[in-house]
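Asks: I have a structure here, written as structure tokens, and I will follow up with some questions on it.
The values are calculated or read from the model by the stated rules, or taken from the named source; none is laboratory data. Since the structure is predicted, the reported quantities are computational estimates derived from the model, not experimental observations. Note that we place each Cβ from the backbone using ideal geometry, even for glycine, and neighbour counts take in every protein chain shown. Protein only, heavy atoms only, side chains kept; ligands, DNA and RNA dropped before computing areas. Shrake-Rupley method; radii C 1.70, N 1.55, O 1.52, S 1.80 Å.
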Amino acid sequence: MVKVDRFINESIEKIREGVRGRTIIALSGGVDSSVCAVLAYRAIGDLLTPIYIDTGLMRKGETERIKKVFSDMNLCVIDAKKSFLGALRGLTDPEEKRMAVGEAFIRVFEEEARKIGARYLIQGTIYPDRIESEGGIKSHHNVGGLPSVIDFEGIVEPLADLYKDEVREVARVVGLPGEISERMPFPGPGLSIRIIGEVTEEKLDVVRVANAIVEEELVERFNPWQTFAALLEKGTGVKGDIRVHGWIIAVRAVESRDGMTAEAMELPWEVLRKIESRITGEIPNVSRVLYDLTPKPPATIEFE
Ligand code: XMP
């Protein structure tokens, strides 16, 4: 605890030293950005404007949830669904998709920052984000994905040396609700990297509902490190005596310490069957559900 307390105090100092005047923070509602928002609020109070961007790539019900949880902060909610979908149009390469989302994020923030006269940005980048990006494994939207011209005087990343479990510890100590401190990680590029190939509104609608079903069935009962649905390609199936060409959904549930390595969870067959029957039953254009057994390495946790 002493170590955590010291970290909190030092971060608050670092934020105070690193920013001058009106500052914005990219609040996604995940544990990283939520902790950052609390630290930044303690450091600079009302000089902080937390901004939540509704990218259209978020999970079901997310925007309403964030509004509720952060209702007492001066939260600014931006509907940027069209910009993000436009930026992703025609892109099929995972890294290009990450870059496009990262760029759209920064552009929207720059625009908002300009409107409210903020010159500083606080980000929730954590240690694994940095080393994976530097090692060339992938460009996290909040590191390698930044466009080369950034219209901020300074960016402060208070969690840059922490692992995920350390961030959760800080979250508990600063008094964030368990709903946030224990929350599964969710990637910055959101559902866009849980869709193989081009992102479309139809695919987003399908993967969002499938993901909600997977979370409902697995999160509370099995407490996985991370679990979600991904949308692959189309495959043939039969629904009500008619052959259909429907989407294939992959279900992922993993155990991990920090996301660097992971093991697929050994789930009871009846649970997997229930997930399959709910997804194919509740989403008309899904014809097939798969469970991913692959550890990391050789697979990554996300599909892209
Ligand atoms: P992978 O798929 O690389 O994921 O095994 C490891 C952890 O990182 C998350 N992840 C991302 N987070 N931007 C993020 O902010 C990204 O581009 C990104 N890609 C993966 C993933 O959800 C997992 O927790």
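Asks: I'd like the Karplus ³J(HN,Hα) series for the range 284-301: coefficients 6.51, -1.76, 1.60, θ = phi - 60°, whole numbers in Hz, and an x wherever there's a Gly or Pro.
Replies: x, 9, 10, 10, 7, 10, 10, 10, 8, 8, 6, x, 10, x, x, 7, 8, 6
Asks: Please sort 255-263, 207-215 by packing, taking for each peptide the average over its residues of neighbouring beta carbons within 10 angstrom, highest first.
Replies: 207-215, 255-263
Asks: What residues qualify as long-range amide H neighbours of A262, i.e. H under 5 Å apart, gap of 5 or more or another chain, H built at 1.01 Å from N?
Replies: Residues meeting the amide H criterion: K296.
Asks: Something else now. Of all accessible surface on the chain at a 1.4 Å probe, what whole percent is carbon and sulfur?
Replies: Here it works out to 51 percent.
Asks: A further question on this structure: Give me the percent of DSSP beta bridges within the chain that run antiparallel, rounded to the nearest 5.
Replies: Of the beta bridges lying entirely in the chain, close to 45 percent run antiparallel.
Asks: Same structure, new question: Which residues' amide hydrogens lie under 5 Å from the amide hydrogen of I122, considering only partners 5 or more residues apart or on another chain, with H built in the peptide plane?
Replies: The list, which skips near neighbours in sequence, is I24, I25, A26, V156.
Asks: If each Cα of the range 144-266 is one equal point scatterer, what is log10 of I(q)/I(0) from the Debye formula at q = 0.20, 0.21 Å⁻¹?
Replies: -1.25, -1.29
Asks: How much accessible area per residue does the range 201-291 have, in Å², with a 1.4 Å probe?
Replies: Value for the range 201-291: 52 Å² per residue.
Asks: Which whole-Hz ³J(HN,Hα) couplings does the range 197-210 yield from phi under the Karplus relation 6.51 cos²θ - 1.76 cosθ + 1.60, θ = phi - 60°, glycine and proline marked x?
Replies: These are the phi-based 3J(HN,Hα) values: x, 5, 8, 10, 4, 4, 5, 4, 4, 5, 5, 5, 5, 4 Hz.
Asks: Continuing with this model, one more query. Using only the alpha-carbon atoms, what does the chain span along each of its principal axes? Please give whole angstrom values in decreasing order.
Replies: Computed over the Cα atoms, the extents are 65, 41, 38 Å.
Asks: What is the mean projected area of the alpha carbon convex hull for the range 32-123, to one decimal in square nanometres?
Replies: 6.4 nm²
Asks: Same structure, new question: Given the range 201-291, what percent of its DSSP beta bridges are antiparallel, to the nearest 5?
Replies: Roughly 75 percent of the DSSP beta bridges within the range 201-291 come out antiparallel.
Asks: A further question on this structure: Just the number, please: Stokes-Einstein D of the range 4-182 in µm²/s, Kirkwood Rh from C-alpha pairs, 4 °C, 1.567 mPa s.
Replies: 78 µm²/s
Asks: Taking all pairs of distinct Cα atoms, average 1/r, flip it, and tell me the Kirkwood hydrodynamic radius of the range 201-291 in Å to one decimal place.
Replies: 13.6 Å
Asks: Using Cα pairs closer than 8 Å and at least 6 residues apart in sequence, work out the relative contact order for the chain, in percent.
Replies: 17 percent
Asks: How high is the relative contact order of the range 201-291, in percent, counting Cα pairs under 8 Å that sit 6 or more residues apart?
Replies: Computed over the range 201-291, the figure is 30 percent.
Asks: Hey, another quick one. Each residue of the range 170-179 in order: what ³J(HN,Hα) in whole Hz does its phi give by Karplus 6.51 cos²θ - 1.76 cosθ + 1.60, θ = phi - 60°, with x for Gly and Pro?
Replies: So the Karplus estimates, Gly and Pro as x, are 4, 4, 5, 5, 7, x, 6, x, x, 3 Hz.
Asks: Between the alpha-carbon centers of the range 187-218 and the range 1-39, tell me the distance in whole angstrom.
Replies: Taking the Cα centre of each part, the range 187-218 and the range 1-39 sit 30 Å apart.
Asks: For the range 165-219, state the average projected area of the convex hull of the C-alpha atoms over all orientations, rounded to one decimal in nm².
Replies: 4.8 nm²
Asks: Right, another one. Provide the packing ranking of 51-61, 161-171, 31-41, i.e. peptides ordered by the mean count of other C-beta atoms within 10 Å per residue, highest first.
Replies: 31-41, 51-61, 161-171
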